[in-house]
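Quick notes on the structure that follows.
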Amino acid sequence: MAEIQELLKKELGADKVSVFNHVFRRQQEGGGFQPVGIGAHIDFAPHYAKDLAAKHAPSTDYTYSRYALVNVWRTFSPPPQDWPLAVCDGRSVPEGSGIFNALVYLPELPDMSNVPPPDPTSPGGTIFKYDPNLKWYYYSNMGRDEALVFKIFDSNRKEGWRVPHAAFWNPAKDAHPRQSIEVRTVCYFK
């Protein structure tokens, strides 16, 4: 994780970087893994990003003028993957677009006819409807020695302050089952 912290400090000019989570993903069933994230989304909504930045600051009295939640994603499976990750050009995402998607942990699935509406102040992310004006990219032959680094949220909120992303089905006959990791960080700027 120290390597990721140093990379983000150097490339983004961050003063401090906190690694706060990682997620292993794969499509096959098995313990310790989550499935790939289909559907265009951002992991953390703006209000939740602010909470995470405060929670994972280097100390309770650490001050900063800006923070950015940044994901570092890489694959363990050989190219091409059956469910590659696509990233959206954040500059093509209109301000105010996206729908809040509450994060809820439950011991079992509830009665779907009696689910309350999401609390917009609870932890959660943002999901996106189809928009032909969004510009999407993916790396068709990404190998395990490469990584995608992209913003989930930037408090600066200038051009490209968030990057929707999604896995999509690649029907190629030679596609390998995707196994990947995403490392979630908060970058702090003085």
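Values as computed for the structure displayed
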quantity	calculated
Failed criterion for Glu108 (all others in (1) assigned to a loop (DSSP other than H, G, I, E, B); (2) within 19 Å of the chain's Cα centre (by Cα) hold)	(2)
Matching residues, the range 40-64, being part of a loop (DSSP other than H, G, I, E, B) and crowded, with 17+ Cβ neighbours inside 10 Å	Ala40, Asp43, Phe44, Ala45, His56, Ala57, Tyr64
Selection count where residues are closer than 20 Å to Glu182 by Cβ and either out of contact with any Cys (no Cβ under 9 Å at 6 or more places or on another chain) or among the polar types (S, T, N, Q) (or both), scope the range 69-104	24
For Ile152: the one exception among (1) in contact with a Gly (Cβ under 6 Å, 6 or more places away or on another chain); (2) buried (at least 17 other Cβ atoms within 10 Å of the Cβ)	(1)
Residues of the range 137-190 classified as assigned to a loop (DSSP other than H, G, I, E, B), charged (D, E, K, R) and in contact with a helix residue (DSSP H, G or I) (Cβ under 8 Å, 6 or more places away or on another chain), total	2
Tally, over the range 75-96, of residues that are exposed (fewer than 15 other Cβ atoms within 10 Å of the Cβ), in a loop (DSSP other than H, G, I, E, B) and within 17 Å of the chain's Cα centre (by Cα)	1
Asn71 in contact (Cβ under 8 Å) with a residue 24 or more places away in the chain, under 30 Å from Ala175 (Cα atoms) and in a loop (DSSP other than H, G, I, E, B)	no
Residue match in the range 146-161 (condition: in contact (Cβ under 8 Å) with a residue 12 or more places away in the chain, under 12 Å from Pro46 (Cα atoms), of a type in the set (Gly, Ala, Ser) and in contact with a Pro (Cβ under 8 Å, 6 or more places away or on another chain))	no
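Coordinate-derived values only; no laboratory data. Everything numeric here is computed off the predicted structure, so don't read it as measured data. Please note: Cβ atoms are built from the backbone with ideal geometry, for glycine as well, and neighbour counts cover all protein chains shown.
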